[in-house]
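K.L.:
Below you will find the structure I want to go over with you.
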Amino acid sequence: MPEPDSSILETPDGSRTAYNARFGEAYGSRHGAAAQARHVFVEGSGTYRHPAPRVLEVGFGVGVNFRATLAQTAGREAALDYLAYEFDPAPVDILQSVAAGQEGTDHPAWQGLIDLWPQPPVEVNAGGARVQVVIGNVLTASLPEDWATALYLDGFSPTRNPEVWTPEFAARLSRTLAPGGVLATYSAAGHVRRALQAAGLEVERRPGAPGKRECLRAVRTA
């Protein structure tokens, strides 16, 4: 697919994503960025009903998943602890352009993040939400263990960014989950499903967000 004239991409549900030239892909679904965030990640991981979710995200991107989670938890006054990893931070003006007029933008945690972005440490505690974005390579980062109630695996596609979809990394990710924690991802590729199963997770296929037939949900049962 040729590079778009603008890095900001309008999607059919009225939300936006952006194009990343390094990986040659959009950060989120071109068929509905906000719809994917809500369906695959917020709902697929069970975060939408958890009383105090602890979310670990692989691939913060332009913040669409974070804002969707922030808006949903703030709407029901649930405390949120959000830890994300981002190797190639987008410029702050891209985050602002993608977010303009969208959900979560009026939350003080989002506003505080924008004020700091992308100079580490990016850590904000405001309005009942704590967010930390680690700028660096998640493959070599120290990850928490037995911590996450939800894990959003949202790296670029396995063909473009294969390192975050390997069995070895899946095993590391499984250890970040608390018992009963759920990993959610937009990918339904067979090798991704097998990697998650090999990591000891109970994997199920779910209907995908607009534009995709299926996505995956993987649960730590023990």
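K.L.:
Can you tell me how many residues in region 38-57 are assigned to a loop (DSSP other than H, G, I, E, B) and closer than 16 Å to Gly104 by Cβ? Let's see the steps before the verdict.
P.N.:
Here is the first cut: in region 38-57, the residues assigned to a loop (DSSP other than H, G, I, E, B) are 44-46, 50-53.
From the residues that got through so far, the ones that are closer than 16 Å to Gly104 by Cβ too are 53.
Adding up the residues that qualify gives 1.
K.L.:
Still on this structure, please answer the following. For region 42-59, indicate whether the set of residues that are of a type outside the set (A, V, I, L, M, F, W, C), at pLDDT 95 or above and farther than 18 Å from Ala148 by Cβ is non-empty. Don't jump to the end; show me each part of the working.
P.N.:
Taking region 42-59 as the starting set, the residues that turn out to be of a type outside the set (A, V, I, L, M, F, W, C) are 43-51, 53-54, 57, 59.
From what is left, the residues that are at pLDDT 95 or above are 43-51, 53-54, 57, 59.
Applying the additional criterion that residues be farther than 18 Å from Ala148 by Cβ yields none.
Scanning region 42-59, I find no residue that is of a type outside the set (A, V, I, L, M, F, W, C), at pLDDT 95 or above and farther than 18 Å from Ala148 by Cβ, so the answer is no.
K.L.:
Which of the residues belonging to region 169-181 are among the small types (Gly, Ala, Ser) and surrounded by 15 or more Cβ atoms within 10 Å (Cβ to Cβ)?
P.N.:
Start the filter on region 169-181 by keeping residues that are among the small types (Gly, Ala, Ser), which leaves 170-171, 174, 178, 180-181.
Within region 169-181, Ala170, Ala171, Ser174, Ala178, Gly181 qualify.
K.L.:
Then there is this: All but one of (1) at pLDDT 95 or above; (2) more than 10 Å from the chain's Cα centre (by Cα) hold for Asp88; state the number of the condition that does not hold.
P.N.:
Going through (1) at pLDDT 95 or above; (2) more than 10 Å from the chain's Cα centre (by Cα) one by one, Asp88 breaks only (1).
K.L.:
Quick one: in region 58-111, which of the residues that are of a type in the set (Val, Ile, Thr) and assigned to a helix (DSSP H, G or I) is most open to solvent (accessible area, probe 1.4 Å)?
P.N.:
Narrowing region 58-111 to residues of a type in the set (Val, Ile, Thr): 58, 62, 64, 69, 73, 92, 94, 98, 105.
In the following step, the residues that additionally are assigned to a helix (DSSP H, G or I) were identified as 64, 69, 73, 92, 94, 98.
Working: Val64: 20, Thr69: 0, Thr73: 2, Val92: 49, Ile94: 26, Val98: 0 Å².
Looking at the filtered set, the residue picked out is Val92.
K.L.:
A further question follows. Quick one: which of Pro162, Pro207 is out of contact with any Cys (no Cβ under 7 Å at 6 or more places or on another chain), at pLDDT 95 or above, closer than 15 Å to Gly59 by Cβ and of a type outside the set (A, V, I, L, M)?
P.N.:
Values: Pro207 fails: closer than 15 Å to Gly59 by Cβ.
Criteria check complete, one pass: Pro162.
K.L.:
Could you tell me which residue of region 27-42 is most open to solvent (accessible area, probe 1.4 Å), considering only residues that are over 13 Å from Val98 (Cα atoms) and out of contact with any helix residue (DSSP H, G or I) (no Cβ under 9 Å at 6 or more places or on another chain)?
P.N.:
Ranking the qualifying residues of region 27-42, first place goes to His31.
K.L.:
List the residue pairs whose Cβ atoms are under 7 Å apart, where the first residue sits in region 164-180 and is on the phi < 0 side of the Ramachandran plot and among the basic types (Lys, Arg), the second is modelled with pLDDT of 95 or more and not in a helix (DSSP H, G or I), and the two are 6 or more positions apart or on different chains.
P.N.:
Taking only residues 6 or more apart or on different chains, the pairs are Arg172/Leu143; Arg175/Glu145.
K.L.:
Of all the residues that make up region 173-199, how many are among the hydroxyl-bearing types (Ser, Thr, Tyr) and either within 14 Å of Asn161 (Cβ to Cβ) or modelled with pLDDT under 95 (or both)? Spell out the reasoning first.
P.N.:
From region 173-199, those among the hydroxyl-bearing types (Ser, Thr, Tyr) are 174, 176, 185-187; that's our starting set.
Add one more test, that the residue is either within 14 Å of Asn161 (Cβ to Cβ) or modelled with pLDDT under 95 (or both), and what stays is 185-187.
Of the residues in that region, 3 qualify.
The values are calculated or read from the model by the stated rules, or taken from the named source; none is laboratory data. Keep in mind that this is a model prediction, so the values were computed, not measured. Don't worry about glycine lacking a Cβ; one is built from the backbone with ideal geometry, like all the others, and counts go over all protein chains shown. Side chains included, ligands, DNA and RNA excluded: accessible areas come from the protein's heavy atoms. Shrake-Rupley method; radii C 1.70, N 1.55, O 1.52, S 1.80 Å.
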